[in-house]
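Before any comments, here is the structure.
Computed from the coordinates by the stated procedures, all read-outs in this text should not be read as laboratory data. The shown structure was predicted, so the numbers you read here are calculated from the model rather than taken from an experiment. Don't worry about glycine lacking a Cβ; one is built from the backbone with ideal geometry, like all the others, and counts go over all protein chains shown.
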Amino acid sequence: MKFLLLCICVSLLPLYADKIEFNQHIRPILSDKYFHCHGPDEKHIKGKLQLHTFEFATKKLGKKKARYAIVPGKVEESTLWERIIMDDEDDVMPPPETHKSLSDKEKALIKKWIEQGAEYQDHWVFIPILDHKAPTTKKDWGSSKLDKFVLSALEKQDLAPMPEANKATLLRRLTFDITELPPTIEELYKFLADKSPQCL
């Protein structure tokens, strides 16, 4: 059974060939399936194991035998992985009574994440926003960096952007988005008469 499960996980790995991101791929799994027993709430920790930080997840388990929940880069030495693929209902993680089993996709993600070094990330709200370089596009379209990302995505699907809307249509869209009402006649005339760069 373990061999079959390993084969399934290996077969799914090509779907996740890129770097596995903790915040995007792993944190949601751990939060949903494990944090209720192995998360930051000290009142509900079982087995003295916490998985919400790198320091806790990689520290030695117990005093006698050198065992670790996660050994970065060594999935077969990671007790967490061993417990994930167990057949024994008394030892498998998460246990059956939680009614929170892992899908094959989730298992493949965890396996590859550990193989890649089990890198943790701070919560996304604490990570500074990076200034990404705009992609190169076949056509020159748009007036902002964001437009380059949109055009690049369209070109990958052999699509072209729609023609730019006129000023009256743009104002109508904006006011509906903000107020859920159409612009007044006065607002429309004022906007059409405004020749500043921001309104062209």
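Odds and ends about this structure:
- Electrostatic dipole magnitude of the stretch 2-126 [Cβ: Lys, Arg +1; Asp, Glu -1; Cα centre; debye, to 20]: 420 debye
- Most to least packed among 84-95, 153-164 [average Cβ atoms within 10 Å]: 84-95, 153-164
- Full-stretch length increase - Glu42, Thr184 - with 0.36 nm per residue and alpha-carbon distance subtracted: 45.4 nm
- Helices in the chain, meaning DSSP H runs of at least 4 residues, each add -39500 (n - 2.57). Divided by all residues, the mean residue ellipticity at 222 nm is -11000 deg cm²/dmol.
- Tensor-based shape of the stretch 78-124 (alpha-carbon gyration tensor, a/c under 1.5 rounded, otherwise prolate or oblate): prolate
- Over 26 Å (Cα to Cα) - which of Lys65/Lys105; Lys111/Lys148; Lys74/Lys107; Lys48/Lys107 fall in this group: Lys65/Lys105; Lys111/Lys148
- Amide H partners (placed H, <5 Å) of Ser78, local residues excluded: Val71
- Inter-site label distance for Leu174 and Lys195 at 7 Å from Cα along Cβ, in nm: 1.9 nm
- Label zone at Trp141, where the point sits 7 Å out along the Cα-to-Cβ direction: the stretch 152-179 residues whose backbone N lies under 11 Å: 152-164
- Cα extents of the stretch 34-123 along the three principal axes, largest first (Å): 33, 31, 29
- Arranged from fewest to most other beta-carbon atoms within 10 Å of their beta carbon, Ile110, Ile20 become Ile20, Ile110.
- Listed candidates (i) 95, 28, 20; (ii) 80, 40, 29; (iii) 46, 35, 30 - label of the one calculated as Cα extents along the principal axes in Å: (ii)
- 12 Å reach of a label modelled at Phe126, 7 Å along Cα-to-Cβ, counting backbone N of the stretch 25-63: 53-55
- For Leu61, the residues whose amide H sits under 5 Å from its own are Arg67, Tyr68, Ala69, ignoring neighbours fewer than 5 places away on the same chain, with H placed 1.01 Å from N.
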